[in-house]
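*Asks:* Take a look at the following structure, please.
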Amino acid sequence: MRQDEKQLSLNSQFSTAAENNRQKLALRGLAIYFIVLVPFSIVFETLMIFGNLSWFWALMWTPAAASVVARLSLREGFGDVSFRIGGLRGLKAILFALIFPIIIGLISYGLAWITSAVHFNPQPIPLVAPFIGDSFSPAVIMLFNIIAAVIIVTIFSIRTAAGEEIGWRGYMLTRLIDAGVPGPILVSGMIWGVWHVPLILGGVYLVGPPPIVAAFLWMVMATAFSFVFARLRLETGSVWPAIVLHASWNSLIQVVFDPASKGPGAALWVGESGIFVTLIMVIAAIIVTRGSWAMRKFPETH
């Protein structure tokens, strides 16, 4: 065998060994992550279902806490979370994260309003109520609510959204990829969705439709939504776009669009498990995630 052929063979062996080691490390990390995540989530969700909703904060920070335990146990460090924004690419992704829920909300809830599935009846949220006069139209009130939610409410929502995203997209997603799990984004979305299901079936989250129906629609919506989260996380190498998207979604959908939609069947048509929202999210996810992706664990330095 010639010298260059020997070198190629050695390089191939080293590459294969490195890949195997990365997969093993990722699998060990995932095992530790779920060993922490599952029992603590069960405890906190049970407490919430039986009436103590103050455990909401602890539950939302459980994915982040599980990732910290996994990182410390395996001495992985925290560099790939990553808390750097990543220059212009990261800033564009954050801007998209702020706008995306508005687009989804206007289309899905707009369809519900136009078809009279629900009634459009926005009321000023507390932040804008002092500035709203009696002569303001519903459309203007809605506009003020959206602006306040994007600029102010999202900042407060980051406090809880970060607890989920540091764990889900900051750790679990990348480890599923490194471990060679088939369809890692799909799997991550299903895990994220299932994590919420006990609260739905327990009657403390997405209340309104029959719990089984709400849980099914939520799983479809969450799984589709996870592809949008994944693209922002992987293409920027930063966890911040995912955190901002999660925070802005909660702020706009839960604080602005949901309260503006009235009617006896509103929860079936709109909301995070609403038929219109689920349908539009699936379409949006297909559009947003089309084409080839760059896979970055870290933001670019320039």
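*Asks:* Can you give me the number of residues within the stretch 247-261 that are open to solvent by 10 Å² or more (accessible area, probe 1.4 Å), in a helix (DSSP H, G or I) and out of contact with any Ser or Thr (no Cβ under 6 Å at 6 or more places or on another chain)?
*Replies:* Number satisfying all stated conditions: 2.
*Asks:* Give the number of residues within the stretch 177-195 that are outside any helix (DSSP H, G or I) and touching a helix residue (DSSP H, G or I) at 6+ places or on another chain (Cβ under 8 Å). Spell out how you get there, then give the answer.
*Replies:* Filtering the stretch 177-195 down to residues outside any helix (DSSP H, G or I) leaves 179-183.
With the extra rule that they be touching a helix residue (DSSP H, G or I) at 6+ places or on another chain (Cβ under 8 Å), the set shrinks to 179-181.
Final tally of qualifying residues: 3.
*Asks:* Output the residues belonging to the stretch 52-79 that are assigned to a loop (DSSP other than H, G, I, E, B) and farther than 19 Å from Trp192 by Cβ. Reasoning before the result, please.
*Replies:* We begin by selecting, within the stretch 52-79, every residue assigned to a loop (DSSP other than H, G, I, E, B); these are 52, 61, 75-79.
Hits for the stretch 52-79 are Asn52, Arg75, Glu76, Gly77, Phe78, Gly79.
*Asks:* Residue check: is Ser226 in a helix (DSSP H, G or I), polar (S, T, N, Q) and within 22 Å of Ala112 (Cα to Cα)?
*Replies:* Working: in a helix (DSSP H, G or I): yes; polar (S, T, N, Q): yes; within 22 Å of Ala112 (Cα to Cα): no.
No: the conditions fail for Ser226.
*Asks:* Oh, and also: Check off (1) closer than 17 Å to Met281 by Cβ; (2) at pLDDT 95 or above; (3) open to solvent by less than 50 Å² (accessible area, probe 1.4 Å) for Val213 and give me the number that stays unchecked.
*Replies:* (3)
*Asks:* Taking the stretch 102-138 only, how many residues are open to solvent by 30 Å² or more (accessible area, probe 1.4 Å), within 24 Å of Ile275 (Cβ to Cβ) and assigned to a helix (DSSP H, G or I)?
*Replies:* Count: 8.
*Asks:* Can you confirm whether Pro264 is modelled with pLDDT of 95 or more, out of contact with any His (no Cβ under 7 Å at 6 or more places or on another chain), open to solvent by 30 Å² or more (accessible area, probe 1.4 Å) and not in a helix (DSSP H, G or I)? Working first, answer last.
*Replies:* Details: modelled with pLDDT of 95 or more: no; out of contact with any His (no Cβ under 7 Å at 6 or more places or on another chain): yes; open to solvent by 30 Å² or more (accessible area, probe 1.4 Å): yes; not in a helix (DSSP H, G or I): yes.
In short, no.
*Asks:* Give the stretch 82-96 a look and list any residue that's out of contact with any Ser or Thr (no Cβ under 8 Å at 6 or more places or on another chain), in contact (Cβ under 8 Å) with a residue 24 or more places away in the chain and among the aliphatic types (A, V, I, L, M), or say none.
*Replies:* If the condition is that a residue be out of contact with any Ser or Thr (no Cβ under 8 Å at 6 or more places or on another chain), in contact (Cβ under 8 Å) with a residue 24 or more places away in the chain and among the aliphatic types (A, V, I, L, M), then Ile94 is the only one that fits.
*Asks:* Touching a Lys or Arg at 6+ places or on another chain (Cβ under 9 Å), at pLDDT 95 or above and part of a helix (DSSP H, G or I): does that describe Pro198? Reasoning before the result, please.
*Replies:* Working: touching a Lys or Arg at 6+ places or on another chain (Cβ under 9 Å): no; at pLDDT 95 or above: yes; part of a helix (DSSP H, G or I): yes.
Criteria not met by Pro198.
*Asks:* Given the conditions (1) within 17 Å of Leu234 (Cβ to Cβ); (2) polar (S, T, N, Q); (3) not in a helix (DSSP H, G or I), and given that Thr174 satisfies all but one, which numbered condition is not satisfied?
*Replies:* All conditions are met except number (3).
The values are calculated or read from the model by the stated rules, or taken from the named source; none is laboratory data. On a predicted model such as this, the values are computed, not experimentally measured, just so you know. Because the Cβ atoms are built from the backbone with ideal geometry, glycine has one as well, and the counts that use them run over all protein chains shown. Note: areas computed on protein heavy atoms with side chains; ligands, DNA, RNA excluded. Shrake-Rupley method; radii C 1.70, N 1.55, O 1.52, S 1.80 Å.
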